[in-house]
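Here is the structure we will look at.
The values are calculated or read from the model by the stated rules, or taken from the named source; none is laboratory data. What you see is a predicted model; the values in this text were computed from it and never measured. We place every Cβ from the backbone using ideal geometry, glycine too, and count neighbours over all the protein chains shown.
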Amino acid sequence: MAEVVAPRRANLSVRGTRLLVSAVFGATQLLRRPPKPPGIVQEQKYGSDPAERIETIAARAAAPQRAPIVYIHGGGWIAGRKESYTRYLSVFANAGYSIFNVEYPLAPENPHPGILRSLLAALDWIHSNHPETTGFHVMGDSAGGNLAMMVGLLAANPPLVAAVDPQRSAALPLTCHSVVSLYGVLDRLSWLEDGFPGAENMLESYAGRAAFEPAVGPELAITPMDLEFEAVPPSFICAGTKDQLCRSSRIFAERLASGPGKVVHKEYPGEGHGFFNLGRTKSDVQLNADVLEFLEGVDPNVD
C-alpha cells in the first residue's frame with residue numbers, strides 16, 4: 001500500500017494537547033489514587049522505535065488465570081502514554097487477566113497506517129516472547145478504542161491485513177477473543193459533527209485532510225465503519241451519554257447488532273469523555289464490573 005499520509009512534525013496545537021493530556025492524567029491519578037498492580041510490572045521493547053514499548057502487568061497469582069488483555073491507550077492518536085493507565089488496569093489483573101499495556105509512536109510523526117503496524121508488531125512480540133499465549137482480549141479507550149476495534153477486525157478478517165501492511169502474511173499470530181472499546185472513535189465524521197474538542201486536529205494529524213471526505217478508499221479506512229468485514233470478535237462498546245463520541249459508539253454497535261457477531265452496547269447516563277481514568281466520576285466502578293462480566297462470558301479459560 002502506498003503511503004498516503006506524510007509524517008510531519010507536531011504543530012503547536014499537538015504539542016499543547018500532549019502537555020494538557022499529561023497534566024490531566026497526572027492530576028486525576030492524585031485525585032482518585034488508584035491501587036497498585038497486584039503483581040510484577042515489567043517493561044520491554046517490541047520494536048526499533050523508542051516509543052515501541054510494552055508493559056507486562058502480571059495477574060494476581062491466586063486468581064483464576066484468564067487470557068491476557070492487550071491494552072491500547074487513548075489520546076486522539078497524537079497524545080497519551082501507557083503509564084497513565086497502569087494502575088487503572090489493576091482491577092483486571094486482580095481478576096486474573098495479565099495485561100500487555102502497549103505504547104506506540106504517535107501521529108503526526110507516525111500517521112496511519114504506522115500506529116496499526118506498531119500494534120501488529122506488538123502482537124508479534126507477544127507471540128514470540130510469551131509462547132504460552134495463543135489468544136488475547138484487546139481493549140482501549142477513545143483513539144485506543146478505535147485502534148482496539150481495528151486490531152480485532154484485522155485479526156478476525158486476515159484479508160484486511162494487507163491494506164495496513166502488505167509485507168505481512170495474511171493472518172495474525174494470535175487469536176482475538178474479544179474487543180472492548182471504551183468511547184472509541186468508531187466512525188470518522190460523527191465526532192466532528194458533534195463537536196469533540198480538538199477532533200479536526202487529531203483526525204488531520206492521523207490521516208490527513210482526505211480523511212474528512214464522506215467516503216474514503218481502503219488506504220484511509222481508519223475506523224471500523226470504513227471497513228467491509230465478514231467476521232467480528234465478541235465486542236463490548238460503551239460511552240457516556242454526555243460524550244461527543246457517544247453517537248460514534250452507537251453507530252457501530254447498531255451495525256454489529258444487525259450482523260452475526262455478539263455485541264454488548266452500554267451508555268452511562270451523565271458521563272462525559274474519559275471516565276475510565278479521568279476526572280471525578282460515579283460510573284467507573286460500574287464500568288469495570290460491566291467489562292469484567294463481559295470478559296468472563298467470552299474468555300476461553302472460563303469453565
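Here are a few things to note about the model shown:
- Scope region 111-134; condition in contact with a helix residue (DSSP H, G or I) (Cβ under 8 Å, 6 or more places away or on another chain) and in a helix (DSSP H, G or I); matching residues: Ile115, Leu116, Arg117, Leu119, Leu120, Leu123
- Annotation: of all residues in region 182-195 being under 18 Å from the mean Cα position of the chain (by Cα) and part of a loop (DSSP other than H, G, I, E, B), the one that is farthest from Tyr206 (Cα to Cα) is Tyr183.
- If the condition is being in contact (Cβ under 8 Å) with a residue 40 or more places away in the chain, surrounded by fewer than 16 Cβ atoms within 10 Å (Cβ to Cβ) and either touching a helix residue (DSSP H, G or I) at 6+ places or on another chain (Cβ under 6 Å) or farther than 14 Å from Leu89 by Cβ (or both), then region 27-40 contributes Leu31, Pro35.
- Restricting Ile78, Ile54, Ile69 to those that are crowded, with 22+ Cβ neighbours inside 10 Å and closer than 24 Å to Asp290 by Cα reduces the list to Ile69.
- Any hit, region 135-144, residues being part of a loop (DSSP other than H, G, I, E, B), in contact with a strand residue (DSSP E or B) (Cβ under 9 Å, 6 or more places away or on another chain) and crowded, with 20+ Cβ neighbours inside 10 Å: yes
- Check on Val14, under 30 Å from Gly195 (Cβ atoms) and crowded, with 17+ Cβ neighbours inside 10 Å: yes
- Every test in (1) under 23 Å from Ser22 (Cβ atoms); (2) free of Cβ contacts under 8 Å to residues at least 60 places away in the same chain is passed by Ala59 save one, and that test is (1).
- When the criteria are applied in full, Gly47 meets the requirement of being more than 30 Å from Phe212 (Cα to Cα), surrounded by 12 or more Cβ atoms within 10 Å (Cβ to Cβ) and modelled with pLDDT of 95 or more.
- Residue match in region 193-208 (condition: out of contact with any Asp or Glu (no Cβ under 9 Å at 6 or more places or on another chain), surrounded by fewer than 23 Cβ atoms within 10 Å (Cβ to Cβ), acidic (Asp, Glu) and within 20 Å of Ala79 (Cα to Cα)): yes
Residue-by-condition table, conditions (1) at pLDDT below 95; (2) buried (at least 16 other Cβ atoms within 10 Å of the Cβ); (3) farther than 27 Å from Arg66 by Cα:
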| site | (1), (2), (3) |
| --- | --- |
| Gly259 | yes, no, yes |
| Lys266 | no, yes, no |
| Glu271 | no, yes, yes |
| Thr281 | yes, yes, yes |
| Ala289 | no, no, no |
| Phe294 | no, yes, no |
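- Look at (1) of a type in the set (S, T, N, Q); (2) within 29 Å of Gln167 (Cβ to Cβ); (3) surrounded by fewer than 19 Cβ atoms within 10 Å (Cβ to Cβ) and you find that Asn94 fails only one, number (2).
- Qualifying residue in region 210-222 (condition: out of contact with any Cys (no Cβ under 7 Å at 6 or more places or on another chain) and on the phi > 0 side of the Ramachandran plot): no
- Scanning region 222-245 for residues that are closer than 20 Å to Leu192 by Cα and over 16 Å from the mean Cα position of the chain (by Cα) yields Asp226, Leu227, Gly240, Thr241, Lys242, Asp243, Gln244.
- Checking each residue in region 221-232 for being surrounded by fewer than 22 Cβ atoms within 10 Å (Cβ to Cβ) and touching a residue at least 60 places away in the same chain (Cβ under 8 Å) picks out Leu227, Phe229, Glu230, Ala231.
- Those strands (runs of 3 or more DSSP E) of region 1-105 in which 2 or more residues are within 14 Å of Ala122 (Cβ to Cβ) and touching an Asp or Glu at 6+ places or on another chain (Cβ under 8 Å) occupy 41-45, 53-57, 99-102.
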